[in-house]
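The values are calculated or read from the model by the stated rules, or taken from the named source; none is laboratory data. Quick caveat: nothing in here was measured; it's all calculated off a predicted structure. Backbone-built Cβ (ideal geometry, glycine too); neighbour counts: all protein chains shown.
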Amino acid sequence: MKARFSLLLGSLSAALVAFALTSPRVTAADKVDPVADAKAFQNFFFQKFPDVKHEDFVNGPYSMNADMKRQWQEKEEFPPYEFALDAGKEMFATPFKNGKTYADCFPNGGIGIRQNYPYFDGKEGKVVTLELALNRCREANGEQPYSYVKDEMASLTAYMAFTSRGKPMDIRIPDDPRALEAFENGKRYFYTRRGQLNFSCASCHVQSPGERIRAEVLAPALGILNAMPIYRSEWSGMGTISRRFVTCNSQTRAVPLAPQSDEYRDVEYFLSYVANGLPIAGPGARP
Amino acid sequence: MKRSLALAMLLALSLAPAARAANEADYKAAYATAEAASKEAAGLRNQWTVTVSTLAAARKAADGGDFDRATAAAREAEALAKASIFQANSEKDAWKAMEIR
Amino acid sequence: MTTTSGPLATRRLILQGAASVALLGLGNLPFAPAHAAANDKYPEDAFKQKNEADAIKALYGRNAEPSDKVKLDAPEIAENGGVVPVSVTTTLDKVSSISFFVTENPFALAASYKIAEGTIPGVANRLKMAKTTKLVAIVEADGKLYSATKEVKVTVGGCGG
Amino acid sequence: MASSIRVRATSNGDITEVQALIQHSMDTGLVKNPSGELIPAHYIQQLTFECNGKDVFVADWGTAVSKDPYVKFSFKGAKKGDDLKISWTDNKGGSDTTTAKIA
């Protein structure tokens, strides 16, 4: 027991030393610089996986594992999200009780705009995601909002994502301190460890993409939202961004927050911004 | 490393077994402190699912009149809640260590 | 050599018997083979068999021999046990049926396809596999059974906790 | 409601390639729902593809076929514009059918 304790003490002091080394950079006045963050974020993955084509990162685990990529491409011939796509297209065109449709709520009739979501709303002073905008459109037209984690929302976002396929992610951060704060808050959430397993999003998606956690190959964080919403074979159903965040939390034994809480909206803002330039690939299919 | 050492000590400390059999009063006291800690963790938006389930197990055992198990579960829930509070506070700065720069 | 009618008769009898059997055999080739799996009825019994050997016997009534003319394509490690893309192609001709058996599943027979005249002998589908298992594809060509086998590793998907 | 069968049939003059995706739960009868009861078995048993009055391809399926089942095969003897009739029946007597033009 004693030997193990001294070993623990030894590694503890080593950790402290290491922490001290990095601290000069940490204590430097942290002016929020999204452009530099995005560049550093993308370079980290481009260098860590030099032979993965940049636009391939949006294919998550399939950019990391050739055998799984083959299985995926086989399924992509007639993908399982085909039904959600058709349902979404039909729902998008079906007028509300008051005769209006989703097209009236969105720029360009909602076609080919997914790459600009989420955006920072100056009036509200907060990030607005596509899922939130869809529900707000429903409420504005006297309809009941959809659940953020169920199929209707997934079908709608699947159709809107499909109309933007291939367009590069294009998230803008206005020169507004609240927008910078939202970006920073999202970044903080992404790197903060939580749950009894003491994982942060980065523990899996930055430190070990391509490796397996139990049976699943981990996706790289770069472009991880570009293919949303996804049909997951494991759920044998569609999953929105909200559903993915909520399930990831509970898998680390952290109690999830309510869908579309500020933290989730901000981390979506952060993850989408750092993936600027990479193509939209939604809706996607995943294991 | 620093954090998990602290967590381990915290857990060990609070699990010291009570000498005599626990009765309802012990349980109520243990449950109250556990619930307070759990509320604080929720306030920090860093509640653990195991805290919630252990509190529920404590209530269930108490309803069944098994105050020994109920008190032990309540104490464990308190330890878990305290660990999640420790995690939330230490992460306030620790996250920067992992940030890609 | 004296030929008695006895043995001659029996020999002729056997010859005629063999001929008629052959004719019968030949007879039903152009149409869908009568007794083989190609009957339109759903092979209820075969799908109830637990292990692979019983299922093959219930479906085809005889055994298959491995053949490299049956190309079975399945992943090394299944991305997800619920949706495993599996496909078979073959260069054999007069193929009348193709079937898939997943030995470790609760019921071995997964799917069976009747290939009509003029249909290319090959099929791709997505099967469920309970755990790491042997996957057997059987092709019935010209009344004989040919098989190919591959192991598919299946891990429990999802990260618990 | 749109048909539960999505089909793509393309012919290159001689060979027609057919892909079909069917919306069906394909329950094995061995899975429990969140409240612990067994979900009863409910799966497509027979799927038939008929072209020019002849069954070109018949699938007999068990419970091991994936949810929203998919199948791909090819056949000769049909040309662009021919009708391909697809129909399935499941173990609870449910069924659906659709007709697609070969592109």
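Observations on the model:
- Test result for A:Lys89, surrounded by fewer than 19 Cβ atoms within 10 Å (Cβ to Cβ), within 14 Å of chain C (Cβ to nearest Cβ) and touching a helix residue (DSSP H, G or I) at 6+ places or on another chain (Cβ under 8 Å): no
- Qualifying residue in region C:95-102 (condition: in contact with an Asp or Glu (Cβ under 9 Å, 6 or more places away or on another chain), crowded, with 22+ Cβ neighbours inside 10 Å, within 8 Å of chain D (Cβ to nearest Cβ) and not basic (Lys, Arg)): yes
- If you check A:Glu74, A:Glu139 for being surrounded by 18 or more Cβ atoms within 10 Å (Cβ to Cβ) and more than 18 Å from the chain's Cα centre (by Cα), only one passes: A:Glu74.
- Residue that is surrounded by the fewest Cβ atoms within 10 Å (Cβ to Cβ), among those in region B:16-42 that are under 17 Å from B:Ile85 (Cβ atoms) and either within 13 Å of chain A (Cβ to nearest Cβ) or modelled with pLDDT under 90 (or both): B:Lys39
- Lone unmet requirement of (1) assigned to a strand (DSSP E or B); (2) more than 7 Å from chain C (Cβ to nearest Cβ); (3) closer than 24 Å to C:Leu59 by Cα for D:Thr97: (3)
- Residues that are free of Cβ contacts under 8 Å to residues at least 12 places away in the same chain and more than 14 Å from chain C (Cβ to nearest Cβ) within region A:50-86 comprise A:Pro50, A:Asp51, A:Lys53, A:Asp56, A:Phe83, A:Asp86, listed in sequence order.
- Verdict on D:Lys76 being at pLDDT below 95 and under 17 Å from C:Ile115 (Cα atoms): yes
- In region A:214-233, the residues that are closer than 15 Å to A:Met169 by Cα and in contact (Cβ under 8 Å) with a residue 60 or more places away in the chain reach residues that are among the aromatic types (Phe, Trp, Tyr) and outside any strand (DSSP E or B) with C-beta atoms within less than 6 angstrom, at least six apart or across chains, in these pairs: A:Leu222/A:Phe45; A:Leu222/A:Phe57; A:Gly223/A:Phe57.
- Scoring B:Leu7 on the criteria (1) buried (at least 17 other Cβ atoms within 10 Å of the Cβ); (2) away from every other protein chain (no Cβ under 14 Å); (3) modelled with pLDDT under 95 leaves a single failure, condition (2).
- Scanning region D:70-94 for residues that are at the interface with chain C (Cβ under 7 Å from one of its Cβ atoms), surrounded by 15 or more Cβ atoms within 10 Å (Cβ to Cβ) and not polar (S, T, N, Q) yields D:Tyr70, D:Val71, D:Lys72, D:Phe73, D:Phe75, D:Gly77.
- When residues in region A:228-287 are screened for being within 10 Å of chain C (Cβ to nearest Cβ) and assigned to a loop (DSSP other than H, G, I, E, B), 7 of them pass.
- Any hit, region A:208-220, residues being in contact with a Gly (Cβ under 7 Å, 6 or more places away or on another chain), part of a helix (DSSP H, G or I) and at pLDDT below 95: no
- Applying the condition of being at pLDDT 90 or above and among the small types (Gly, Ala, Ser) to region D:1-28 and asking which residue is surrounded by the most Cβ atoms within 10 Å (Cβ to Cβ) yields D:Ala20.
- Test: residue in region D:53-61 that is in contact (Cβ under 8 Å) with a residue 40 or more places away in the chain and more than 10 Å from chain C (Cβ to nearest Cβ): no
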